[in-house]
Structure formats: structure tokens, C-alpha cells
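Undergrad: This is the structure I have questions about; it appears just below.
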Amino acid sequence: MEQWRNRDRSAKPSGHLSSYNRTMQRPWLKMRPAARWLVLTLLMTTTLFVVVSSRAADPQPYTVTLKPTGNSALDAALQGSATLISLQKSAPVGGFALIQRARQDKQRFETALHSFGYYKATVNLTIAGHALDDPSLPAIIDAAPADPPMQVVASFDLGPRFRLGKVTISGEVPPDVRGRLNLEPGQPAVAADVLAAQGRLLAALRSDGYPLAKVPTPVAILHPDQDLLDVEFQPDSGPKADIGPINLTGLKRMNESFVRRRLLLHQGELYNPQRIEAARQDLMSLGVFSVVRADPASALNPEGQLPITFDLTERPLHAVDASVAYSTDLGINVSTGWHDRNLFGNAEQLNLTAAAQLGGNALVRPGYQVGAQFLKPDFLARDQTLEIDLNAVDQSLQAYQQTALQEKIALNRKLSAHWTGSLGLSGEQESIVQEGETRHYNLIGLPAALRYDNTTNLLNPTQGIRASLLVTPTYSLGTTNSTFVIMQLAGSTYLDVFDNGRSILALRGLVGKVSGAGVFGLPPDQRFYAGGSATVRGYRYQTLGPQFPDGIPIGGTAISAGTVEWRQRILGNYGVVGFVDVGQVTTNGAPFAGAWHAGAGVGARYYTSIGPIRLDVAVPLNKLPGGDSFELYIGIGQAF
């Protein structure tokens with residue numbers, strides 16, 4: 001193509017035709033007739049090519065087809081390595097550059113094939129049906145119009161797949177390290193598996209206390225006659241070492257003494273990257289730091305130890321948040337909070353919150369709740385938090401109207417990675433109106449809780465289990481004095497059906513029982529109610545179970561409820577759900593003994609970085625007399 005362009009540049013412009021003729025006239029006349037016809041033919045051919053070339057597309061549109069190999073992972077790697085695909089729209093090219101791009105991609109395809117063990121594979125890549133080394137291809141592309149686009153087709157002859165032959169580790173390494181290589185002779189010679197083994201070997205050496213260990217890229221030897229690949233790892237373990245001095249940088253308001261007491265790592269311990277990472281994550285769990293980075297030194301100190309520096313970045317001291325939710329039964333719920341993350345320099349938290357309920361059909365009038373919470377971590381012992389709560393509540397529900405002051409002091413202890421326990425003392429002074437009668441109560445409780453949580457996300461769990469057992473012995477001084485025990489077992493589990501985080505089966509269950517008092521020996525707010533987003537959607541809040549003759553909910557001493565929900569993500573950040581809830585409340589009986597009610601519904605989700613925005617619509621499957629035909633729920637986070 002370049003030679004045609006050079007000829008085009010040598011043509012004389014029409015404005016110089018007369019002088020050009022005078023210059024060429026004598027040689028032209030001296031030519032024989034046959035030579036004249038030859039020159040004339042060449043000039044006409046050149047002119048025709050220039051005219052045609054001026055109509056060719058530049059840049060040249062093209063399509064790309066990669067023939068399937070039968071290996072989906074290999075097909076994905078080939079497509080990912082093709083600049084013919086990745087640059088097709090963002091960087092269009094002319095004909096000559098298209099050939100160059102295709103030649104480069106051919107080399108990339110060969111590299112991808114080799115990485116999957118196909119060392120004898122061949123790549124057949126054509127443009128408009130012509131091989132890349134076809135000498136006529138540049139002229140064909142230059143003469144091609146924009147429509148239809150050029151067809152680029154790549155096909156692959158895989159040949160035999162090479163397998164691993166000898167897998168060896170040279171040099172001195174601890175005996176347990178060889179077993180952690182997890183690379184065996186006879187398995188396919190896939191580059192990713194070999195490189196993963198390299199990483200496992202390095203991790204094993206460092207876990208055994210060799211902080212400066214190095215594992216270079218393994219040596220690979222091909223045996224084409226046997227379709228085998230030998231691999232030899234040549235690690236350099238370096239010296240075994242203990243952890244040296246631990247430096248803390250970046251602290252501003254946090255007390256260094258507290259951080260050092262909290263730190264799970266100590267000088268003199270054998271170097272272990274897992275323990276270093278556990279210490280880093282533990283500091284992050286305090287909620288005070290936005291970044292915690294652990295940086296081991298690059299060399300041992302004179303004592304033969306490895307110093308480590310923890311670089312800490314503190315979060316802003318104060319935070320303000322706000323949220324809005326809506327449901328047809330509880331109306332608009334507006335809440336806001338102000339938080340101090342480090343009150344006295346030891347990661348103490350002070351949380352002030354306020355919330356209001358407005359306009360729901362389960363409300364007689366608007367209600368509010370304001371509260372203060374103080375949390376002191378590592379109180380008396382590590383992983384033990386002191387919690388002090390004070391709340392004022394005023395709510396006017398269909399079931400009862402309540403004005404109360406609630407106090408609680410508790411010790412929350414982390415028992416393991418997923419288990420926590422809590423034991424406390426609570427008090428409540430309240431006035432409750434039900435069926436036109438006002439009662440005053442003073443409650444003293446000993447709440448105890450055991451919780452398990454190994455889920456992956458607070459607002460959008462896709463795997464794991466959440467479970468809690470709550471037991472609260474309570475003494476009530478009021479219109480009727482009584483002593484009773486409230487027991488409640490709740491749990492939910494999340495199953496990632498296709499292991500892709502997009503199709504989730506979520507299950508929820510609840511069982512509760514009050515012992516020691518009948519339903520009318522309990523303050524109304526201590527009874528069990530069902531209906532609403534926390535139990536059975538489709539029914540108005542607290543309306544399931546026994547009722548007074550005028551339809552006002554009585555509440556009960558036992559409850560059972562369950563949910564099956566399917567969550568399906570579609571179209572990137574969107575999702576849909578379908579669910580069925582069931583539940584029942586008994587007046588003075590046992591769980592599962594009352595009349596069951598069921599609700600069903602569908603919902604939509606929009607997934608954001610802070611959690612999914614939720615919209616659910618549910619209908620009662622056995623509608624209550626005078627009950628609603630449907631309920632609507634809007635909020636942030638999944639329903640459970």
C-alpha cells in the first residue's frame with residue numbers, strides 16, 4: 001500500500017500540465033508504439049486505483065469472530081487478550097494498522113494457548129478470507145468500502161494438551177513446605193496453576209518464620225516429544241526470624257497505650273504473616289481507623305529480628321447519619337444520629353439518635369424515640385464492651401399507646417470470631433393505654449443473649465447464618481405484679497445457589513415463649529405480636545393473633561413465624577425478589593398452636609455501595625376482617 005501512496009505523491013498537479021508536457025514531449029515521441037501503449041496503460045491503471053482508493057474506508061470497520069475451542073475458560077482468555085476486540089470501537093484503524101493489530105493478536109493468542117498447556121496449538125487468522133501474509137491483502141483492504149465491514153476470523157487447532165512431568169523444589173526448605181505446593185505430575189500444564197503453586201510456596205515459607213523468603217518464577221522445561229512440561233522451583237528461604245520492635249505511626253487522638261494493649265502482636269514472637277494480618281484486622285474492627293497498614297521492614301535489624309510498622313489513619317472524630325423508610329402500616333420512619341467515635345481517646349463511642357414515625361395505618365398518632373448510647377471497648381478484659389443505653393419512647397399504636405423511659409447496662413463479650421454473648425440489667429418506667437385503660441409499670445430485667453453471625457454483609461448477606469437466643473427474666477411492678485421469663489430464638493440463613501452472589505435463597509425463622517404469667521399478667525409491650533415486615537408481610541403491624549371484640553390486638557405469650565425469600569439480581573445493579581411469610585400468635589398456649597396466617601409478595605431492589613434500596617409489596621393470603629388488601633415497604637437493606 002505504501003508504494004501506491006508514493007506513486008500518488010509523485011503525480012503532477014493539473015496547474016503545471018503545460019510545462020510537464022514540454023518536459024516529457026521528446027521522450028514520448030521517441031518511444032516505440034508498443035512502449036507508448038504500455039506507459040498509457042500503467043498511467044490509466046494508477047489513476048483508476050487512486051480514484052478507487054479515495055473511496056476506500058479509513059478507518060476500516062471490521063468484525064471479529066473467534067471460533068470456540070470447546071474450553072470456556074480458554075475462550076474467555078483468548079477473547080480477553082484480543083486487542084482486535086478491546087480496541088475495535090475505542091481505537092479504529094486503517095487497513096495497514098489493522099493487519100499489524102491482527103499479527104500482534106496472533107502472538108497474544110499463542111501465549112494464551114500456551115498458558116493453558118497447548119504448546120503445539122496453531123492459530124489461523126484471516127482478514128476477508130486472506131491470510132495475514134498474503135501479499136495482496138493490503139491492496140484488498142485499501143480498496144474495501146466501509147460497508148460491509150471487513151471480516152476478521154480466528155480459528156484454533158489446539159493439538160495435544162501438555163501435562164506436568166517432574167515437579168521439583170531445589171534447595172533446603174522445611175519438610176512441611178513441600179506438601180503445601182499442591183502441584184502434582186500428570187495434571188494439565190496450566191500456567192495459572194504453576195504460578196499459584198509459586199505463591200503457595202512463598203506463603204508457606206513465610207508462615208514458617210522466614211520473612212525474607214523469595215521464590216523466583218519457576219524454571220519450565222518442555223518435552224515436545226512426550227507432551228510434558230517439567231517444573232522446578234528454586235526458593236531462597238533466607239534466615240528464620242522473630243518479630244522485632246513494633247512502631248505505630250499516624251496516631252492523633254487515639255492513645256498509643258490503648259492501641260498497644262489491644263495489639264495482638266508482640267516483639268519476640270516468631271514471624272507469621274497470618275498473625276500480622278489478624279492484628280491488622282482487629283485494629284480495624286475498633287471502628288476508629290479508616291486504614292490500618294502493616295509494613296514489615298525489608299531487612300533484619302542487628303538483633304536478627306524483623307521490625308514492623310503499623311501505619312494508622314484515624315477516621316473523622318464525628319459522624320452524622322440519616323435514613324428514611326416507609327411502609328403503609330408504620331408510615332414514614334425518619335431517623336438521624338450523631339456519633340463520636342473516640343470520646344476519651346480509647347475508642348469509646350457516644351451515639352445520640354432520634355427517630356419519628358408518621359402517618360401509618362397502624363398508628364393512632366405520630367410517635368418518636370430518642371436515645372443515647374455509650375460503648376467502652378476492652379472494659380475490664382479484652383474483647384469485652386461496656387454498653388449503657390438510655391431511651392425515651394412515645395408511640396401510639398393500634399394495639400396500645402406507650403410512654404416510657406428505658407435504661408440498660410450490659411457487658412457484651414466476643415467469644416470467638418462469630419459468637420458473642422451479652423448479660424445486663426435493664427429498667428423501664430412506662431405508662432400504657434390499652435382499650436381505654438391506663439396502666440403504669442416498673443420493669444426490672446436481666447437480659448441475656450447469645451448470638452452467632454458468619455454472614456458476609458450486614459445489609460445484603462449472600463452466605464452464612466445469623467442466629468440469636470434471648471432470655472430475659474423480668475419482674476414487673478404495676479397494676480398486676482408478676483415475674484416472668486421471655487425467651488426468643490431467631491435465625492436466618494442465606495444460600496448462594498449458583499455460587500455467583502446473584503441468586504440467593506434466604507430463610508428466616510422465629511420462635512418465642514413467655515413463661516410465668518398469662519397474657520393479661522404481662523404489660524402489653526412485653527407480649528408477642530405478629531404482622532409487619534419483621535414477621536408476616538401483607539398484614540398490618542401487630543394485627544395477627546387474638547383480638548378484643550373491637551378488633552384491637554391483644555398480643556400473646558407465644559409466637560412462631562417463618563419466611564422463604566428468593567433474591568435474584570438482574571441487569572447489573574437491579575434485582576427482584578419473591579417471598580412467602582407465615583406466622584401465628586397464641587394467647588396462653590405454646591408456639592405453633594395458634595391460627596396460622598400467610599402473606600406473599602414480590603419486590604424490587606437497586607443495589608448501591610451502601611446497600612440495596614428495597615421496595616416490597618405483599619398481600620395477605622387469608623385476609624383479616626377489615627384488614628388491608630396489601631402492604632407496601634420501602635427501605636435500605638434487605639428485609640432480613
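Just so it is clear, none of the values below were taken in a lab; they were calculated from the coordinates. Predicted, not measured: the structure shown is a model, and the values here were computed from it. Note that we place each Cβ from the backbone using ideal geometry, even for glycine, and neighbour counts take in every protein chain shown.
Undergrad: Please work out how much length the chain gains when fully extended from Phe592 to Asp176, using 0.36 nm per residue of separation minus the C-alpha to C-alpha distance, in nm with one decimal.
TA: Extending this stretch completely gives an extra 144.3 nm.
Undergrad: Any chance you could run the full-extension gain for His318 through Thr480? It's 0.36 nm times the residue separation minus the Cα-Cα distance, nm to one decimal.
TA: Length gained, His318 through Thr480: 53.8 nm.
Undergrad: Can you give the calculated 222 nm mean residue ellipticity of the chain, where each DSSP H run of n ≥ 4 adds -39,500 (n - 2.57) and the sum is split over every residue, rounded to the nearest 500 deg cm²/dmol?
TA: Mean residue ellipticity, 222 nm, calculated: -6000 deg cm²/dmol.
Undergrad: Determine which lysines satisfy two conditions relative to Lys120: a Cα distance under 20 Å, and not lying fewer than 8 residues away in the same chain.
TA: Partners within reach: Lys67, Lys106, Lys166.
Undergrad: Still on this structure, please answer the following. How big, on average over all directions, is the shadow cast by the Cα convex hull of the stretch 163-233, in nm²?
TA: That works out to 4.4 nm², a quarter of the Cα hull's surface.
Undergrad: Sticking with this one: Over all alpha-carbon pairs in the stretch 504-624, figure out the percentage whose distance exceeds 23 Å.
TA: Every Cα pair in the stretch 504-624 considered, those over 23 Å come to 37 percent.
Undergrad: Full extension from Gln79 to Lys623: what is 0.36 nm times the residue separation minus their Cα-Cα distance, to one decimal in nm?
TA: Length difference between fully extended and current span is 190.3 nm.
Undergrad: Just want the ordering: Leu205, Leu164, Leu358, from fewest to most Cβ atoms lying within 10 Å of their own Cβ.
TA: Ordered from fewest to most neighbouring Cβ atoms within 10 Å, Leu205, Leu164, Leu358 come out as Leu358, Leu164, Leu205.
Undergrad: If you don't mind, another one. Give, as ranges by residue number, the residues of the stretch 206-236 whose backbone N falls under 20 Å from the point 7 Å along Cα→Cβ of Ser298.
TA: Residues passing the 20 Å test: 206, 210-217, 236.
Undergrad: Hey, another quick one. Mind pulling up the Rg/Rh value for the stretch 351-453? Radius of gyration and Kirkwood radius, both on Cα.
TA: Here the Rg-to-Rh quotient is 1.07.
Undergrad: Ranked by Cβ crowding within 10 angstrom, fewest neighbours first, how are Asp383, Asp525 ordered?
TA: Neighbour counts put them in this order, fewest first: Asp383, Asp525.
Undergrad: Suppose we look only past 14 Å in the calculated P(r) of the stretch 242-314. What percent of the Cα-Cα pairs does that tail hold?
TA: So the pairs more than 14 Å apart make up 56 percent of the total in the stretch 242-314.
Undergrad: Still on this structure, I have one more. Starting from the Cα gyration tensor of the chain, multiply each eigenvalue by 5, take the square root, and state the resulting semi-axes largest first in whole Å.
TA: Semi-axes from the Cα gyration tensor: 71, 38, 25 Å.
Undergrad: Another question, if that's okay. Among Ser629, Val511, Ala604, which residue has its Cα furthest toward the positive end of the charge dipole of the stretch 497-640, with +1 on Lys/Arg Cβ and -1 on Asp/Glu Cβ?
TA: Ala604
Undergrad: If we count other beta carbons within 10 Å of each Cβ, what is the order of Arg527, Arg466, Arg200, fewest first?
TA: Sorted ascending by nearby Cβ count, the order is Arg200, Arg466, Arg527.
Undergrad: Also, quick follow-up: For the stretch 318-636, taking Cα atoms only, what is the radius of gyration to one decimal and the Dmax to the nearest whole Å?
TA: For the stretch 318-636, the Cα radius of gyration and maximum Cα-Cα distance read 20.0, 58 Å.
Undergrad: So, one more: Using a cut-off of 11 Å between beta-carbons, work out the net charge of the residues near Gln526 (Lys and Arg +1, Asp and Glu -1, Gln526 not included).
TA: -2
Undergrad: For the stretch 318-636, give the magnitude of the charge dipole about the Cα centre (Cβ charges: +1 Lys/Arg, -1 Asp/Glu; no others), in debye to the nearest 20.
TA: 640
Undergrad: Oh, and also: Once you list every other residue whose beta carbon is under 13 Å from the beta carbon of Asp628, what net charge do they have if Lys and Arg are +1 and Asp and Glu are -1?
TA: That sum, taken over residues with Cβ under 13 Å, equals +1.
Undergrad: Return the FRET efficiency for the residue pair Arg103, Leu222: r is the Cβ-Cβ distance, R0 is 22 Å, and the value is rounded to the nearest 0.05.
TA: Working from the Cβ atoms, E equals 0.35.
Undergrad: Using the Karplus curve 6.51 cos²θ - 1.76 cosθ + 1.60 with θ = phi - 60°, work out ³J(HN,Hα) for each residue of the stretch 130-140 in order, rounded to whole Hz, and write x for Gly and Pro.
TA: Along the stretch 130-140, the couplings run 10, 5, 5, 8, 5, x, 7, 4, x, 5, 5 Hz.
Undergrad: Okay, moving on. Output wanted: per-residue J couplings in Hz (rounded whole) for the stretch 303-320, from phi through Karplus 6.51 cos²θ - 1.76 cosθ + 1.60, θ = phi - 60°, x for Gly and Pro.
TA: Per residue, the Karplus-derived 3J(HN,Hα) values read 7, x, 10, 10, x, 10, 10, 9, 9, 10, 10, 7, 6, x, 4, 10, 9, 10 Hz.
Undergrad: Roughly how far apart, in whole Å, are the Cα centres of the stretch 137-171 and the stretch 480-550?
TA: Here the answer is 62 Å between Cα centres.
Undergrad: If one takes the longest principal axis of the Cα atoms in the chain, at what angle in degrees, from 0 to 90 and to the nearest 10, does the Cα axis of helix 95-115 lie?
TA: The angle comes out at about 60 degrees.
Undergrad: While we're on this one: Setting aside same-chain residues fewer than 8 positions from Lys414, which lysines have a Cα under 23 Å from its Cα?
TA: Lys376
Undergrad: Additional query: Evaluate the charge dipole of the chain about its Cα centre and quote only its size in Debye, nearest 20, assuming +1 on the Cβ of each Lys and Arg and -1 on the Cβ of each Asp and Glu.
TA: 2580
Undergrad: Along the positive direction of the dipole of the stretch 318-636 (beta-carbon charges: Lys, Arg +1; Asp, Glu -1; about the Cα centre), which of Leu350, Asn442, Ala325 reaches farthest?
TA: Sorting the options by dipole projection puts first Ala325.
Undergrad: Can you return the lysines within cross-link range of Lys623? Criterion is Cα-Cα under 27 Å, with same-chain partners fewer than 8 residues away left out.
TA: Those lysines meeting the cut-off are Lys513.
Undergrad: Farthest toward the dipole's positive end in the chain, which of Ser476, Tyr210, Ala196, given Cβ charges of +1 (Lys, Arg) and -1 (Asp, Glu) about the Cα centre?
TA: Ala196
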